[in-house]
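This report concerns only the one structure given below.
The values are calculated or read from the model by the stated rules, or taken from the named source; none is laboratory data. The structure displayed is predicted, hence computed values, not measured ones. Please note: Cβ atoms are built from the backbone with ideal geometry, for glycine as well, and neighbour counts cover all protein chains shown. Heavy atoms of the whole protein, side chains included, go into the accessibility calculation; ligands, DNA and RNA do not. Shrake-Rupley method; radii C 1.70, N 1.55, O 1.52, S 1.80 Å.
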Amino acid sequence: MVLTFDDGPWPGNTPAVLAALAHHCTKATFFPVGKHALWHPEILKQVAEQGHSIGSHTWSHQDLSRKTVAEAKAEIEKGISAVSMSTGVPTAPFFRFPALRHPPELVTYLGERNVGIFSTDMDSFDFKMRKPEQVRSAVMAKLKKFGKGIVLMHDFQQATAAATADLLNDLKAGGYKIVHMRAKSPVTTIASYDEEIRKDSKLPTVSSKPTSSVVRTVNE
């Protein structure tokens, strides 16, 4: 199985996931939101330093099926640039569509960019859960049914952060093998979007980050 985490990085939650993974000497793949990466680059640097794979999940977690092709491409590229800039090291050419909605034009575009698209075999739907045991039960039940595959969770979610350590114990007890997906070569950013992100990162921000405008935790 492959463990993947979307929508980070986020204070408290992402570090808790990292601590649990480190305790089990386990690697995962993270798909950060570009805005979150710029807000908390120090956390994303920890993800990179601990050897996990880092892809991208758009600039602001918009449903790309509702955007024009030009708008969607900007969401993709700004996300890639923001993640790369925040980590300070080469990141993977991995991408996951928000809500897993993937318009064919964008699938073609990412293929031309040599960026691999990740879907999932087992969606935990952890964004609908408030208790850690619910997350554990959901993942284990789907693994029992399907046996193997890519598991989708969210390090942005508090319940998932609290569940990860015990979930890893469950997986170990169940005899599951966690596979680390690694890229042969890093993603390449586009200079014009790099410059746009540099300008955005210099804008003043408020101390309380408006999560509702970036990640919708119930409906998506």
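Selection within the range 13-59: residues that are part of a loop (DSSP other than H, G, I, E, B), open to solvent by 10 Å² or more (accessible area, probe 1.4 Å) and in contact with a His (Cβ under 9 Å, 6 or more places away or on another chain). The member of this set that is farthest from H154 (Cα to Cα) is G51. Have a look at S185, S119 and point out the one that is touching a residue at least 24 places away in the same chain (Cβ under 8 Å) and either touching a Pro at 6+ places or on another chain (Cβ under 8 Å) or of a type in the set (K, R) (or both). Among S185, S119, only S185 is touching a residue at least 24 places away in the same chain (Cβ under 8 Å) and either touching a Pro at 6+ places or on another chain (Cβ under 8 Å) or of a type in the set (K, R) (or both).
Regarding V151, is this residue open to solvent by less than 70 Å² (accessible area, probe 1.4 Å), β-branched (V, I, T) and touching a Lys or Arg at 6+ places or on another chain (Cβ under 8 Å)? So V151 fits the description; yes.
Within the range 53-65, the residues that satisfy the criterion of being in contact with a Ser or Thr (Cβ under 9 Å, 6 or more places away or on another chain) and without any contact (Cβ under 8 Å) to a residue 60 or more places away in the chain are I54, W59, L64.
Out of all the residues in the range 79-92, is one or more touching a helix residue (DSSP H, G or I) at 6+ places or on another chain (Cβ under 7 Å), without any contact (Cβ under 8 Å) to a residue 40 or more places away in the chain and at negative phi? No, the range 79-92 contains no residue that is touching a helix residue (DSSP H, G or I) at 6+ places or on another chain (Cβ under 7 Å), without any contact (Cβ under 8 Å) to a residue 40 or more places away in the chain and at negative phi. Scanning the range 89-112 for residues that are open to solvent by less than 40 Å² (accessible area, probe 1.4 Å), out of contact with any Ser or Thr (no Cβ under 6 Å at 6 or more places or on another chain) and assigned to a loop (DSSP other than H, G, I, E, B) returns P93, R96, F97.
Every listed requirement among (1) farther than 25 Å from H23 by Cα; (2) surrounded by fewer than 18 Cβ atoms within 10 Å (Cβ to Cβ) is met by M85 save one, (2).
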